[in-house]
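Worksheet for the structure shown next.
Bear in mind that the values in this text are calculations on the coordinates, not laboratory data. No experiment lies behind these values; they were computed from the predicted model shown. In this analysis, Cβ positions are derived from the backbone assuming ideal geometry, glycine residues included, and neighbour counts consider all displayed protein chains.
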Amino acid sequence: MNLKSLVFCSISTGVYGYPIKEASQVAVRTVRKYLKEEKSDLKVIFDLFSEKDYQIYENALSEN
């Protein structure tokens, strides 16, 4: 598909109650692994619901 960017939604962390901290760690780890293994320069954007979610993802990105 020759994509240049992709938006990755924080699925099920809203009304379905999946723990946002766990979701952020899984998402960040998985995206980084894919980009590394595929040697991809794909721009990945995490689509989040709130400022709190943003901070949690920000922490996950700095940890990994």
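What to note about this one:
- Residues (closer than 19 Å to S62 by Cα, of a type in the set (S, T, Y) and in contact with a helix residue (DSSP H, G or I) (Cβ under 6 Å, 6 or more places away or on another chain)) located in the stretch 11-48: S24
- Residue list for the stretch 26-51, restricted to those being closer than 11 Å to S10 by Cβ and among the charged types (D, E, K, R): D47
- When the stretch 1-44 is limited to residues that are of a type in the set (A, V, I, L, M, F, W, C) and more than 11 Å from the chain's Cα centre (by Cα), the one that is surrounded by the fewest Cβ atoms within 10 Å (Cβ to Cβ) turns out to be M1.
- Unique match (being among the acidic types (D, E), in contact (Cβ under 8 Å) with a residue 24 or more places away in the chain and surrounded by 12 or more Cβ atoms within 10 Å (Cβ to Cβ)) among D47, D53: D53
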